[in-house]
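Notes to accompany the following structure.
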Amino acid sequence: MSAKIDVLYFAALRDAAGIASEQVDTEAADLAELYAEVQARLQLPFPQRQLRVAMDGEFARWDDALRAGSTVAFIPPVSGG
Amino acid sequence: MQRFRLADTPFDTASLRARLLDARVGGYASFEGWVRDHNDGRAVAGLRYEAYVALAEREGEAILADALQRFDIIDAACVHRQGELALGELAVWVGVSAAHRDAAFAACRWIIDEVKARVPIWKHERYAGGDAGWLHPQP
């Protein structure tokens, strides 16, 4: 069953994707599968192990199930401060 | 109570400090991070911070709430700039009030370290040579 997910890209991920956000229609079961899909399609430079992931504004786990209608953000290594 | 804030424009630290002080306070410590003119051997012309605002605010608040549990302090606050910053501008401020200095220093150090490690904010540096790039340090 496919789900519509809003995906957000930040910093170098946004530059590589060429977009800040998009809506994807995916059959991915969890967040790791979703990243594998978009990474392959957009040629994103980060392997999953270098990223964190958030769903609906909260940090999540890569094996968390996708929730239809949710917003997912892939978080490259941070550099505030 | 809001203790963490993202600021789009320069902010005043005197009023932030004043809000942390009351009759119980015997020690106050702060950290200020400034935009410097070099990084990693390169001349920096300026920088931009980008944040995932919703998550940055949530994570920033969580760090400060956690600090109040971990350390014997009275209050703490943090403000981080986003957007374009020039050399010499204040990028991040942390303030901590406590009865004694040890806890104030320790909590202040812990908070800035956690903010740098966990809060989804990214630095985009512009270099003197005209090129620019994101900083994505590997943990």
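Every number in this text was worked out from the coordinates using simple rules, so none of it is lab data. Since the model is a prediction, treat every value here as computed from it, not as a measurement. Methodologically, a virtual Cβ is constructed for each residue, glycine included, from the backbone with ideal geometry; neighbour enumeration extends over all protein chains shown.
Over all distinct alpha-carbon pairs, what is the Kirkwood Rh of chain B in angstrom?
On the way: mean 1/r = 0.0639 Å⁻¹.
By the Kirkwood definition, the hydrodynamic radius is 15.6 Å.
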If one computes P(r) from the Cα atoms of segment B:1-45, what percent of pairs lie at distances over 14 Å? 68 percent
Taking just the C-alpha trace of segment A:1-70, give me its Rg and Dmax in Å. 11.2, 31
Relative to the longest principal axis of chain A, what angle (0 to 90°, nearest 10) does the C-alpha long axis of helix A:31-42 take? 70 degrees
Taking the Cα atoms of the protein assembly as shown, what is the range of coordinates along each of the three principal axes, in descending order and whole Å? 61, 43, 27
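Rg/Rh for segment B:86-139 to two decimals, with Rh computed the Kirkwood way over all alpha-carbon pairs.
Numbers: Rg = 15.3 Å, Rh = 13.8 Å.
Rounded to two decimals, Rg/Rh equals 1.11.
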Can you work out the FRET efficiency for the pair B:F105 and B:A7, with r the C-beta to C-beta distance and R0 = 25 Å, to the nearest 0.05? 0.55
Counting only C-alpha contacts under 8 Å and six or more residues apart, can you give the relative contact order of chain B as a whole percent? 36 percent
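Restricting things to alpha carbons, find the Rg to Rh ratio for segment B:34-74 using the Kirkwood radius for Rh.
The Rg/Rh ratio comes out at 1.21.
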